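Reading through the structure tokens given below for one structure.
Derivation of every value follows stated rules applied to the coordinates shown; laboratory data play no part. Please read all numbers here as calculations on a predicted model, not as lab measurements. Glycine gets a Cβ as well: all are built from the backbone with ideal geometry, and neighbour counts include every protein chain shown.
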Amino acid sequence: MSEMTSLCASKEVAEGRSRGYKLTRESTDLSLLLVRKGGQIYAYRNRCPHISIPLEWVEHEFLTHDGSLIQCANHGALFVIETGQCVSGPCPGQSLERLPVIESGGMIYLQS
């Protein structure tokens with residue numbers, strides 16, 4: 001059976017919005033981002049595959065202005081929300097690392 005770690009209340013990630021979180025698990029820090037699109041929650045490690053740096057400059061701001069893609073603020077790489085695949089920028093063919101999450105009882109949980 002997988003372990004679940006509570007991240008936040010579902011209402012903290014509104015439709016078309018993103019939010020960053022930092023967790024410490026087993027002496028390891030994990031920085032991740034959540035995005036809600038089409039009612040679905042997507043979670044990724046907050047690390048650009050280009051040079052392994054955080055994606056945002058401003059806290060919780062991971063999306064393009066129109067909210068259609070995840071954007072690396074450092075190099076402008078663009079990633080598909082549903083898959084994490086890079087579609088523009090210095091890391092074509094690479095993807096963000098997707099993390100397993102579930103939404104239950106008004107909460108979002110990270111599975112491990």
Potential extension, residue 88-residue 40 segment - 0.36 nm per residue separation minus Cα distance:
14.9 nm
Under the Karplus curve 6.51 cos²θ - 1.76 cosθ + 1.60, θ = phi - 60°, whole-Hz ³J(HN,Hα) for segment 101-106, x wherever Gly or Pro sits:
10, 9, 10, 8, x, x
Relative to the present Cα-Cα distance, how much length would full extension add between residue 50 and residue 2 at 0.36 nm per residue of separation?
14.2 nm
Could you tally the net charge around residue 44, taking each other residue with its Cβ under 15 Å from the Cβ of residue 44, Lys/Arg +1 and Asp/Glu -1?
+4
Among [x] 103; [y] 79; [z] 132, which is the computed volume of the Cα convex hull per residue in Å³?
[x]
5 angstrom amide H check on residue 7, placed H, neighbours 5+ away:
108, 109, 110
Can you list the residues, at least 5 places off or on another chain, whose amide H is less than 5 Å from the amide H of residue 48, using H built in the peptide plane?
53, 55
Suppose R0 equals 22 Å. What FRET efficiency, 1/(1 + (r/R0)^6) with r the Cβ-Cβ distance, do residue 73 and residue 29 give to the nearest 0.05?
0.65
